[in-house]
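What follows is a single structure, written as structure tokens, with notes after it.
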Amino acid sequence: MERRELEKLLRGVKSGKVSVQQVLDRLGSSYESLGFATLDISRETRTGVSEVIFGEGKTPDQIVSIAEAFYRRKKRFLATRTSAEVFELVKEVAPGATYNEAARTIVAGGHRKRRRGKIVVLSAGTSDMPVAEEAAVTAEFLGNRVERIYDVGVAGLHRLFGHLHVLRGASVIVVVAGMEGALASVVSGLVDSPVIGVPTSVGYGAGLKGISALLTMLNTCSPGVAVVNIDNGFGAGVTASLINGKRTSA
């Protein structure tokens, strides 16, 4: 149930137009079973973030069925880790949906009203862009203004300095980096905003598919860095959105 719908019900109870039983009946239908999946319809009311379709591991038919159910109920949804082939099927049940090839995301229903603050998403290298785009698309879907700055890693650190005015105007910064993952520490030492580090699996053998970058970020000497899982752009986008909402509403 959307927050505005719950508020309408509660106002109805207060005015006497809606009974307590009607509210209980409506709350009882806050999930929908598709047999292979149980959709958490009320998640946004509880957490501020609606359930998102994680496409990896699901069949195209399963993704389409879930997308259709969300679109029928809410007229909007975000699906991550999908493909162009799946998108061709999804857009038949969700007219106007768009596909981001780099992020592998499908968005239907557009973005919410924008929050006042700004989230900046950085990538250390061009190879980190798919994860950075997943973070950016997620944050935009949740109603945030997002600015992207890509390929400014520590191998050419001077490239970062031209963007300091943008970084220092951000409510929160997402730093996406593979290889040794040092960029998050560097950025955190230059700004007064929280930094979310996203290690990626980009790198050579000793990078251990992102573990080296993860350990670097976890062991940072800069106290303003928090870290999500390897390649978890979605998690970074959600966390950045929640932080931005708190900082700009204070």
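Nothing in this text is a laboratory measurement; each read-out follows from the coordinates by a stated rule. As the structure is a prediction and not an experimental result, all values here were calculated from the model. Positions of Cβ are generated from backbone atoms using ideal geometry, with glycine treated the same way; all protein chains shown enter the neighbour counts.
Taking all Cα pairs closer than 8 Å and separated by 6 or more residues, the relative contact order of the range 73-153 comes to 30 percent. What percent do you get for the relative contact order of the chain when only Cα pairs under 8 Å and 6+ apart count? Rounded, it is 14 percent for the chain. Relative contact order for the range 3-108: what is it in percent, counting Cα pairs under 8 Å that are at least 6 residues apart? Dividing the mean separation by the residue count of the range 3-108 yields 18 percent.
Taken along the Cα-to-beta-carbon direction at a fixed 7 Å, the label points for T59 and R72 span 1.9 nm. Karplus-based coupling profile of the range 228-242, in residue order and whole Hz: 9, 5, 4, 6, 8, x, 4, x, 5, x, 5, 4, 4, 5, 5, with θ = phi - 60° in 6.51 cos²θ - 1.76 cosθ + 1.60 and x standing for Gly or Pro. Of all segments of the chain bounded by trypsin sites (Lys or Arg not before Pro) found in a DSSP loop with no more than 14 other C-beta atoms within 10 Å, the longest spans 169-250. Summing Cβ point charges (Lys, Arg +1; Asp, Glu -1) relative to the Cα centre of the range 118-249 gives a dipole of roughly 320 debye.
When the Cα positions of S171, L218, A155 are compared along the charge dipole of the chain, S171 comes out farthest toward the positive end, with charges on each C-beta of Lys, Arg, Asp and Glu. Answer with a single label: of (1) 19.9, 75; (2) 17.3, 49; (3) 19.9, 67, which was calculated as Rg and Dmax of the Cα atoms in Å from the structure in view? Calculated Rg and Dmax of the Cα atoms in Å: the matching label is (3). Each of M179, M217 has some number of other Cβ atoms within 10 Å of its Cβ, and from fewest to most they run M179, M217.
In a simple Cβ point-charge model (Lys, Arg +1; Asp, Glu -1; nothing else charged), the chain has a dipole of about 1380 debye relative to its Cα centre. Protection proxy ranking, highest mean first, for peptides 135-142, 93-100: 135-142, 93-100, where packing is the per-residue count of other beta-carbon atoms within 10 Å, averaged.
Taking the Cα centre of the range 3-108 as reference, the dipole from Cβ charges on Lys and Arg (+1) and Asp and Glu (-1) amounts to some 760 debye.
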